[in-house]
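A.B. asks: Quick one: the structure is below, questions incoming.
The values are calculated or read from the model by the stated rules, or taken from the named source; none is laboratory data. On a predicted model such as this, the values are computed, not experimentally measured, just so you know. Cβ sites come from the backbone with ideal geometry, for glycine too, and all protein chains shown count toward neighbours. Ligands, DNA and RNA are stripped out before the accessible areas are found, and what is left, the full protein with its side chains, is counted by its heavy atoms. Shrake-Rupley method; radii C 1.70, N 1.55, O 1.52, S 1.80 Å.
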Amino acid sequence: MSSRTRPRARTVKVPAGATTVRIPRQRGRRQQSFLLVVPERPTLSSQALRTVGRLLWRHRLVFLPAGLALLALVLTAILHALAPWTGVLVAVAGGLPLVVLLTPPLYRRFTGGVRAWQRAVASLAAVVGLWGALAILLGPLAGPLEVLWLVGLLAAYGVRAAIRRTTSEEKA
């Protein structure tokens with residue numbers, strides 16, 4: 001068999017899952033062959049995964065507290081496994097918001113609402129920091145820390161709902 005009539009289908013790269021149709025060489029001056037690649041229809045599972053992915057991306061702000069909570073859980077588990085002594089450093093950093101609570105404002109006096117928000121945010125930061133320190137020292141699923149993690153996640157969703165309600169009322 002001469003090299004002109006030998007099929008060259010082995011040298012053509014075809015993506016996986018594609019159907020190829022070979023069109024023979026044309027006579028005349030044009031001696032290039034054509035290769036037609038017809039993709040297969042996507043499977044039902046790939047369509048379902050794409051739909052779930054689009055929904056998650058469209059509503060990504062709704063899942064922000066859960067994503068941050070999972071990130072905190074995984075990071076504390078990694079730090080607990082690799083270097084549990086970092087829990088002491090995180091405990092010191094977690095106690096710093098308590099110092100903010102105890103010191104009065106130096107240059108101006110805040111109204112009651114602003115000071116209440118400062119106290120709430122500082123106490124929340126202290127609780128999160130101290131939970132992180134205990135989770136790094138003892139493990140994130142040790143004792144009541146997993147329940148505290150779940151309560152914190154639910155509280156984050158509650159705070160998110162309250163903030164959304166107050167901002168939507170101010171816009172109206």
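A.B. asks: Here are Leu61, Leu75, Leu82, Leu71: which of them is at pLDDT below 90, under 30 Å from Val127 (Cβ atoms) and open to solvent by 60 Å² or more (accessible area, probe 1.4 Å)? Talk me through it step by step, then tell me what you get.
C.D. replies: Values: Leu75 fails: at pLDDT below 90; Leu82 fails: at pLDDT below 90; Leu71 fails: at pLDDT below 90.
After ruling out the rest, the residue left standing is Leu61.
A.B. asks: Something else: Can you find, within segment 157-172, the residue that is surrounded by the most Cβ atoms within 10 Å (Cβ to Cβ) among those that are under 22 Å from the mean Cα position of the chain (by Cα) and aliphatic (A, V, I, L, M)? Walk me through it before giving the result.
C.D. replies: Keep residues of segment 157-172 that are under 22 Å from the mean Cα position of the chain (by Cα), which gives 157-161, 163-164.
With aliphatic (A, V, I, L, M) added as a condition, the list becomes 159, 161, 163.
On the way: Val159: 13, Ala161: 10, Ile163: 10.
Checked segment 157-172; the qualifying residue surrounded by the most Cβ atoms within 10 Å (Cβ to Cβ) is Val159.
A.B. asks: Looking at Leu124, Leu148, Leu134, Leu154, can you tell me which residue is open to solvent by 80 Å² or more (accessible area, probe 1.4 Å) and in contact (Cβ under 8 Å) with a residue 40 or more places away in the chain? Spell out the reasoning first.
C.D. replies: Numbers: Leu124 fails: in contact (Cβ under 8 Å) with a residue 40 or more places away in the chain; Leu148 fails: in contact (Cβ under 8 Å) with a residue 40 or more places away in the chain; Leu154 fails: in contact (Cβ under 8 Å) with a residue 40 or more places away in the chain.
Just a single option satisfies the conditions, and that option is Leu134.
A.B. asks: Moving on to the next point. All but one of (1) more than 18 Å from Ala135 (Cβ to Cβ); (2) surrounded by 14 or more Cβ atoms within 10 Å (Cβ to Cβ) hold for Val99, so report the exception by its number.
C.D. replies: Condition (2) is where Val99 drops out.
A.B. asks: Right, another one. Take the conditions loosely packed, with under 15 Cβ neighbours inside 10 Å, touching a helix residue (DSSP H, G or I) at 6+ places or on another chain (Cβ under 9 Å) and modelled with pLDDT of 90 or more and apply them to Val92. Does it pass?
C.D. replies: Values: loosely packed, with under 15 Cβ neighbours inside 10 Å: yes; touching a helix residue (DSSP H, G or I) at 6+ places or on another chain (Cβ under 9 Å): yes; modelled with pLDDT of 90 or more: yes.
Yes; evaluated as a whole, the condition is true for this residue.
A.B. asks: Which condition number in (1) open to solvent by 100 Å² or more (accessible area, probe 1.4 Å); (2) of a type in the set (S, T, N, Q); (3) at pLDDT 90 or above is the one that Ser45 fails?
C.D. replies: Among (1) open to solvent by 100 Å² or more (accessible area, probe 1.4 Å); (2) of a type in the set (S, T, N, Q); (3) at pLDDT 90 or above, the lone unmet condition for Ser45 is (1).
A.B. asks: Next question, about the same structure. Are any residues in segment 102-121 surrounded by 10 or more Cβ atoms within 10 Å (Cβ to Cβ) and modelled with pLDDT under 70, and if so, which ones?
C.D. replies: Pro105, Phe110
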